[in-house]
Amino acid sequence: MKLRVSPKPAAFSACAAMAARVFCGLSVDCVSPGYAAWLSAIIGAALSVPVLWMYGHVSVVGGRTARTAFQGFILAASLTGSAVTMADIAHSAGYLALDRVAPAVLLLPAALALFWCITRNGDSIGYAAMIWARLFALLLLIVVILQFPYYRPEWLRPILGSGWSTVARNAVRAAGWFCTIGGIWIFREDGGEGRSGKNAILLSCAVSGAIAALLLALHAMLAPAFYSGAALSWQLRLDALLTNGRTPLYLQMPMIILWYGGLFHLLGCEGFAAAMLLQQMAPRLDGRVCAGAVTLCASALALSGFTGSRLLALLIRYQYIAAAGFCAIVAARGGLQTCADA
Amino acid sequence: MEQNRDDLARGEIGRDLRDNIARFRRLLYSDINTDTHFRMFEMAGRDVCVVYIDGMADEKKISEFVLRAGAEAGPAQDGPVDAAYLIRRVLQIAQCETENRVKAILDGIASGMAAVLLSGCDDAVLMDIRGYPSRPVNQTTNESVVIGPQEGFVENLRTNITLLRRYVPSPGLIAESMEVGTRVSCRVCLVYLKEAADERIVSELRRRLKCIDAPSVQGIGAIQQLIEDSPWALLPQMLQTERPDRAASFLIDGQIVILAENSPYALAAPITLFHQLHTSDDSFARWQYGTLLRLIRIWGMLISIFLPGLYVSLTDYHMHLIPLSLLGSISEARANVPFPILAEILIMEFSFYLINEAGTRIPKQIGSALGIVGALILGQAAVSASIVSPILVIIVAITGLGNYAVPDYSFSLGLIICRLFVIVLGSLYGLYGICVTAFCMLMGICGMRSVGLPYVAPIAPQERHNPDILLRLPIWLQRRPMFFSKAGRMKPRAKQGGAR
């Protein structure tokens, strides 16, 4: 079984995953997102565009070594991303109902879903993202209508929230996520990237950045005042996201579906990207074997506690810088020039 | 002995009439099979023998247009008396042809044709004078509509093709006949509209039909299982209909219809998930009503899949998502029920399936009694005995109604299996389990294909389409061709799935 994905499904899948990852990363997964997380999402999307644009040239002209190294980088990032998402799903399930259930039991459905999802292949994941995009819009509309009386636009001020440094730090993190999730899209099929691909990168970044910014802004308008700046536990941050202290509890259902839906699409996209890259690096491996390997590794990482470690937080902070630096080195060695000539 | 018969059935007939008769007598077991007839007589100065099976061939036609015509025919005047001469000069049958392959003649006789064997000639005449009894065209039984034609397909293939030709009176309507089944063959017809159907899809379906290597094929349901893209999928990827008007609308849209002998159904492909929610009413009613009905069916489908699972998960794990007053009612109603919610809902679900299945098999005369026993007495008794709570009866009843709102029977059975997964996962993991199941189902349907085309197109992948797929927009807006037709842009993935 060959793992592959066509351009359009890849763009949809990446778009859904980028929006979910940035929202998740700058709200529930972030210790101190501040009120200006929406601004960080926009800046992050803008920062990622040149790096994503250069990715294509790296894969085309960077030579086999550069290409393999880069695939390895994206593979590691996607695998870690899958593990983080699986851990998020398990935490959410634990918080919402199953707090006394062992983490392995909580992870099991997510792991099975990931394996099933990868073996359906890339186009199915992309098609599912297309359908999810419509459901997402409908659910978001319902959520906004239900919570409309409780929004406080004044909580978006000051625009810079906790200050420039927080905004910049979060923007770099967001850019890192955009750059790694863009991997599904860059290394699709044979790794080539056509003219339309560049436009689609820009469009994907713009759309997913806008969606993430919108969600973060809506979240900021609902979050209780103590949320700003304080270092809170993951459970409390999720609680603040879902209940926010004011809307009736029984109206949470659309929010929960949105939350799980976004996480599952993110998991599918990242997991598939990891499996596809693994197969590209080891072409003799069957797609199902790659899917199994990625599922096992992601589950093991999620169970190990690595997803909540300081080391991972540090790596995420610098993944954008690593990706940009790598592209800059290839460019300095003439790769981009060669590509332009070609 | 059996090997010997296979050898006899191979090859071609000889010139010696007695040898040929002996051969066919053995092949048709005429020593023990009293239905086979070998009628010797003289025709145009030659000894001939008509071979047919009693009841399958029309004896009146044999007497009138074969025996009498043979007796009245004089000796040959222009050329030798052979099979071609008989067709040209003597036999007064519209559909007859020369044939020399023993297997083809044997299959023809078995399917109701009559064969004329001639002495001194190595060709036989095969005449289509089938005259077996068949049911007249009647009202549909499973796909009733309020507005629209009422007639349905019957078991006779010829009648079914005629019905289609009546609805689509176009010279471009092609009906390709072929036999499937290696031991007991079944006549199958691939019907399509030349100017609308995509030739690649037609070729693919033709290939799949020809590749069937099952020893026998019993009707359209077996054919569907043998040529579907994903035989392991829960949902069908081809659609069975008993309505000629619906099959005709598929043909006009560029889809292909397969008919089979003895099957009062047509099999349509390629289809999408959304075709499973369409009925003929949608087309005949005004667009506002058609759209409303489709939305109701979509809602019914969602209720059918998710409602019992949601009930289990909300009452077991997420009580904070239930408004307080309703939660109070549920708790009060469940106070005396000794079973956990999962057991309670499974008892009710399986009772419902039991009543449903019994209602399908039971004679019509006592069917209404079963309805009363099942729905009223059993339900009331179960609630009174505190086996189930009243609210659960409501949940299961609404779920059942949702399932019945889905027009396609096979599709609704697939939904029932999905529902069981949702119930079990919902009871184990709450909303998390339901979301996992929904995600996996979404992935599953997104990965499915019908004759190589995506099952959820034109929504995913997005394609420009006739606005009669998800909703039923005004008829004057439905000018764009369907994406699977010859004029559509989407092309099937080559050689996906295939015959088994």
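Could you pull out every residue, at least 5 positions away or on a different chain, whose amide H is within less than 5 Å of the one on B:Ser450? Hs are placed 1.01 Å off N in the peptide plane, and Pro or chain starts have none.
Amide H neighbours of B:Ser450: B:Tyr455.
Once each part is reduced to its C-alpha centroid, what is the distance from the range A:58-126 to the range A:230-294 in angstrom?
8
For a 30 Å ceiling on Cα separation, which of these pairs sit above it: B:Lys103/B:Lys194; B:Lys60/B:Lys194; A:Lys2/B:Lys210; A:Lys8/B:Lys194?
B:Lys103/B:Lys194; B:Lys60/B:Lys194; A:Lys8/B:Lys194
Using Cβ contacts closer than 10 Å as the measure, can you line up B:Glu59, B:Glu261 from fewest to most?
Ordered by Cβ neighbours within 10 Å, fewest first: B:Glu59, B:Glu261.
Note the angle between two axes, namely the Cα long axis of helix B:17-27 and the longest principal axis of the Cα atoms of chain B, as a number of degrees from 0 to 90, rounded to the nearest 10.
That helix lies at roughly 20 degrees to the long axis.
I need the Debye-formula profile for chain B: one equal scatterer per C-alpha, no solvent, reported as log10 I(q)/I(0) at q = 0.08 1/Å, two decimals.
Scattering profile of chain B, log10 relative to I(0): -0.66.
Pairs of Cα atoms under 8 Å, at least six residues apart: use those to get the relative contact order of chain A, whole percent.
43
Starting from the Cα of B:Phe41, step 7 Å toward the Cβ, then list every residue of the range B:83-99 with an amide N under 19 Å from that point.
Within reach of a label on B:Phe41: B:83-97.
Once you list every other residue whose beta carbon is under 9 Å from the beta carbon of B:Ser450, what net charge do they have if Lys and Arg are +1 and Asp and Glu are -1?
Charge balance in the 9 Å sphere: -1.
Each residue of the range A:71-88 in order: what ³J(HN,Hα) in whole Hz does its phi give by Karplus 6.51 cos²θ - 1.76 cosθ + 1.60, θ = phi - 60°, with x for Gly and Pro?
3J(HN,Hα) across the range A:71-88, in whole Hz: 4, x, 4, 5, 4, 4, 5, 5, 5, 5, x, 4, 5, 4, 5, 4, 5, 4.
Packing-wise, with mean Cβ within 10 Å as the measure, how do B:359-369, B:241-251 rank, highest first?
Taking the mean over residues of other Cβ atoms within 10 Å, the ranking is B:241-251, B:359-369.
If you average the alpha carbon positions of the range B:313-355 and of the range B:41-100, how far apart do those two centres end up, in angstrom?
Computed from Cα coordinates, the inter-centre distance equals 75 Å.
At 1.306 mPa s and 10 °C, plugging the Kirkwood radius over alpha-carbon pairs of chain A into Stokes-Einstein gives what diffusion coefficient in µm²/s?
79
Enter the angle in degrees (range 0 to 90, nearest 10) between the Cα long axis of helix A:310-332 and the first principal axis of the Cα atoms of chain A, meaning the one along which they spread out most.
40
If the only charges are +1 at each Lys and Arg Cβ and -1 at each Asp and Glu Cβ, what is the size of the charge dipole of the protein assembly as shown around the Cα centre, to the nearest 20 debye?
2500
Any chance you could run the full-extension gain for B:Gln139 through B:Glu332? It's 0.36 nm times the residue separation minus the Cα-Cα distance, nm to one decimal.
64.6 nm
So for the range B:107-173, what percent of the C-alpha to C-alpha distances run longer than 20 Å?
52
Given contacts defined as C-alpha pairs under 8 Å and at least six residues apart, what's the relative contact order of the range B:294-447, whole-number percent?
Reported as a whole number, the value is 48 percent.
For the range A:21-170, report the convex hull volume of the alpha-carbon atoms normalised per residue, in Å³, without decimals.
169
Could you please rank A:Asp286, B:Asp316, placing first whichever residue has the fewest other Cβ atoms within 10 Å of its Cβ?
By the 10 Å Cβ count, ascending: A:Asp286, B:Asp316.
For the range B:2-127, place one equal point scatterer on every Cα, skip the solvent, and apply the Debye formula. What is log10 of I(q)/I(0) at q = 0.11, 0.14, 0.22 Å⁻¹?
-0.33, -0.54, -1.37
Helix A:37-61 versus the longest principal axis of chain A: what is the Cα-based angle in degrees, 0 to 90, to the nearest 10?
So the inclination is approximately 10 degrees.
Could you compute the FRET efficiency for A:Asp286 and B:Ser384, with r as their C-beta to C-beta distance and R0 at 60 Å, rounded to 0.05?
So, using R0 = 60 Å, E works out to roughly 0.55.
If you take the beta carbon distance between B:Ile147 and A:Arg4 as r and set R0 to 41 Å, what does 1/(1 + (r/R0)^6) give as a FRET efficiency, to the nearest 0.05?
0.30
Below 8 Å between Cα atoms, with a sequence gap of 6+, how large is the relative contact order for chain B in percent?
15
How compact and how long is the range B:44-185, expressed as Rg and Dmax of its alpha-carbon atoms in Å?
Spelled out, the Cα radius of gyration and Dmax of the range B:44-185 are 18.8, 63 Å.
Neighbouring Cβ atoms within 10 Å as the yardstick, rank B:Glu357, B:Glu143 fewest first.
Listing B:Glu357, B:Glu143 from fewest to most nearby Cβ atoms yields B:Glu357, B:Glu143.
Give me the Kirkwood hydrodynamic radius of the range A:62-123 in Å, from all C-alpha pairs, to one decimal place?
Radius from the Kirkwood sum: 13.5 Å.
Quick one: divide the alpha-carbon radius of gyration of the protein assembly as shown by 2.2 N^0.38 Å and tell me what you get.
1.18
Please work out the FRET efficiency for the pair A:Ser309 and A:Phe148, using the Cβ-Cβ distance as r and a Förster radius of 45 Å; give the result to the nearest 0.05.
0.70
Laboratory data are not the source of any read-out in this text; all were calculated from the coordinates shown. Quick caveat, the model's predicted, so the values are computed rather than measured. Positions of Cβ are generated from backbone atoms using ideal geometry, with glycine treated the same way; all protein chains shown enter the neighbour counts.
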